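The values are calculated or read from the model by the stated rules, or taken from the named source; none is laboratory data. On a predicted model such as this, the values are computed, not experimentally measured, just so you know. Glycine gets a Cβ as well: all are built from the backbone with ideal geometry, and neighbour counts include every protein chain shown. We work out accessible area using only protein heavy atoms, side chains counted, and drop any ligands, DNA or RNA first. Shrake-Rupley method; radii C 1.70, N 1.55, O 1.52, S 1.80 Å.
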Amino acid sequence: MTDGKADYYVTLGVVYKKPGTDPTTGKILKLNRKVGAIVHTTGKIWKGAAGGFWVELDTSVGDTGAGEKAGYVMIDANGFGTPGPCLQKVNADDGEPLLLRATLPEGGKAWDGGSAEKVFLVLQKTNVLEVKVILAMLFGLDQGSITVLGASGALSDEKTIKDAGFETGAEVKFEYKGAKSMTLIVMSPLEASAGQKILDLPIKDNWTVGQVAKLIADRTGLNKSSMIMAKGKMGERVPESAKMDESKLIVDYGLSDGDEVAFMYLGNLEGDLEAFMKSKESNGGYKK
């Protein structure tokens with residue numbers, strides 16, 4: 001399909017190109033280009049078997065922005081490990097784009113493992129909420145934990161980049177309050193080793209009860225579907241009200257760093273735990 005000639009902005013600093021006139025070729029080149037660089041295309045789109053969209057380069061202009069030779073470049077970079085699209089279509093009605101800077105915060109990781117400072121492209125009409133999405137994408141962050149700052153403090157999600165006073169080259173300063181690390185304790189559910197610690201669970205305070213249950217199951221060999229997470233101590237009778245909803249956060253039940261987490265088990269507890277308990281014995285036993 002084609003919508004006529006179209007230009008695209010480079011958004012992540014990389015362009016994936018299938019050289020030649022046949023987009024079904026398995027050969028793919030990775031090209032490094034500056035964020036904001038222009039790639040010229042014919043507008044002819046080809047959809048790959050994996051669902052990715054490729055657009056044909058316009059060689060009539062000479063240098064297409066991805067070389068002078070024919071080829072197709074990937075728009076969304078589906079399956080290539082990028083956090084978002086590599087190209088963004090140019091629309092004259094959007095005006096000149098802005099190139100802004102942001103620096104990797106503590107608790108984040110650059111999407112490409114590269115430099116801590118990233119340049120990214122926005123439009124004048126881009127709002128702060130969309131900037132949060134971009135920052136989360138670039139640095140592997142939780143979007144909801146980002147606060148974008150302006151000259152007089154936090155910016156509302158609806159405010160546009162233009163209205164916030166940003167200009168090309170400016171640094172976008174932001175605060176990131178990511179999830180904190182915490183450790184929960186799991187005591188032995190078996191009578192023979194009651195009162196002995198069998199696990200330290202390193203988790204984050206934004207984990208759900210279900211995620212905690214899965215980690216326990218993965219570490220011990222228990223069947224997660226047979227577990228009912230509960231607030232209390234292992235071995236004690238647990239009332240109906242102590243049962244935890246797996247979709248809720250573990251901290252919603254008042255658990256904090258160093259607390260014990262318990263569960264009931266509807267399967268063959270001794271049999272399912274046997275291999276794990278033997279490994280604990282061989283590695284020095286349990287802790288009280």
Inset, instruction - Examine segment 34-54 for a residue that is of a type in the set (S, T, N, Q) and outside any loop (DSSP other than H, G, I, E, B), and state whether such a residue exists. - result: yes
Inset, instruction - State the number of residues belonging to segment 150-160 that are assigned to a loop (DSSP other than H, G, I, E, B) and either loosely packed, with under 14 Cβ neighbours inside 10 Å or out of contact with any helix residue (DSSP H, G or I) (no Cβ under 7 Å at 6 or more places or on another chain) (or both). - result: 5
Inset, instruction - Using the structure shown, decide if D22 is at pLDDT 95 or above, farther than 25 Å from G113 by Cα, more than 30 Å from the chain's Cα centre (by Cα) and among the charged types (D, E, K, R). - result: yes
Inset, instruction - Give the residues of segment 36-72 that are in contact with a Ser or Thr (Cβ under 6 Å, 6 or more places away or on another chain) and either at pLDDT below 95 or farther than 16 Å from P19 by Cα (or both), sorted by residue number. - result: G43
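Give the number of residues within segment 126-179 that are of a type outside the set (F, W, Y) and within 20 Å of W111 (Cα to Cα).
Of segment 126-179, the ones of a type outside the set (F, W, Y) are 126-138, 140-165, 167-173, 175, 177-179.
Those left that are additionally within 20 Å of W111 (Cα to Cα): 129-138, 140-148, 171-173, 175, 177-179.
So the count comes out to 26.
Can P97 be described as farther than 23 Å from K177 by Cβ and touching a Leu at 6+ places or on another chain (Cβ under 7 Å)? Even if it seems obvious, please write down each step before you answer.
Working: farther than 23 Å from K177 by Cβ: yes; touching a Leu at 6+ places or on another chain (Cβ under 7 Å): yes.
Judged against the criteria, P97 is a match.
Just to be sure I understand, how many residues within segment 161-175 are touching a Pro at 6+ places or on another chain (Cβ under 9 Å), assigned to a strand (DSSP E or B) and open to solvent by 50 Å² or more (accessible area, probe 1.4 Å)? Let's see the steps before the verdict.
Kept after step one, since they are touching a Pro at 6+ places or on another chain (Cβ under 9 Å), are these residues of segment 161-175: 168, 174-175.
If we keep only those that are assigned to a strand (DSSP E or B) as well, we get 174-175.
When the remaining residues are screened for being open to solvent by 50 Å² or more (accessible area, probe 1.4 Å), the result is 175.
Residues that pass the stated criteria total 1.
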Legend entry - K69 vs. criteria surrounded by fewer than 19 Cβ atoms within 10 Å (Cβ to Cβ), at negative phi and touching a helix residue (DSSP H, G or I) at 6+ places or on another chain (Cβ under 8 Å): yes
Legend entry - Qualifying residues in segment 39-66 (those that are crowded, with 16+ Cβ neighbours inside 10 Å and among the aliphatic types (A, V, I, L, M)) - the one farthest from G4 (Cα to Cα): A66
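So is A242 out of contact with any helix residue (DSSP H, G or I) (no Cβ under 8 Å at 6 or more places or on another chain), more than 27 Å from L141 (Cβ to Cβ) and of a type in the set (G, A, S) or not?
On the way: out of contact with any helix residue (DSSP H, G or I) (no Cβ under 8 Å at 6 or more places or on another chain): yes; more than 27 Å from L141 (Cβ to Cβ): yes; of a type in the set (G, A, S): yes.
It is true that A242 is out of contact with any helix residue (DSSP H, G or I) (no Cβ under 8 Å at 6 or more places or on another chain), more than 27 Å from L141 (Cβ to Cβ) and of a type in the set (G, A, S).
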Inset, instruction - Kindly check whether there is at least one residue in segment 18-25 that is closer than 25 Å to L123 by Cα and either surrounded by fewer than 19 Cβ atoms within 10 Å (Cβ to Cβ) or of a type in the set (A, V, I, L, M, F, W, C) (or both). - result: no
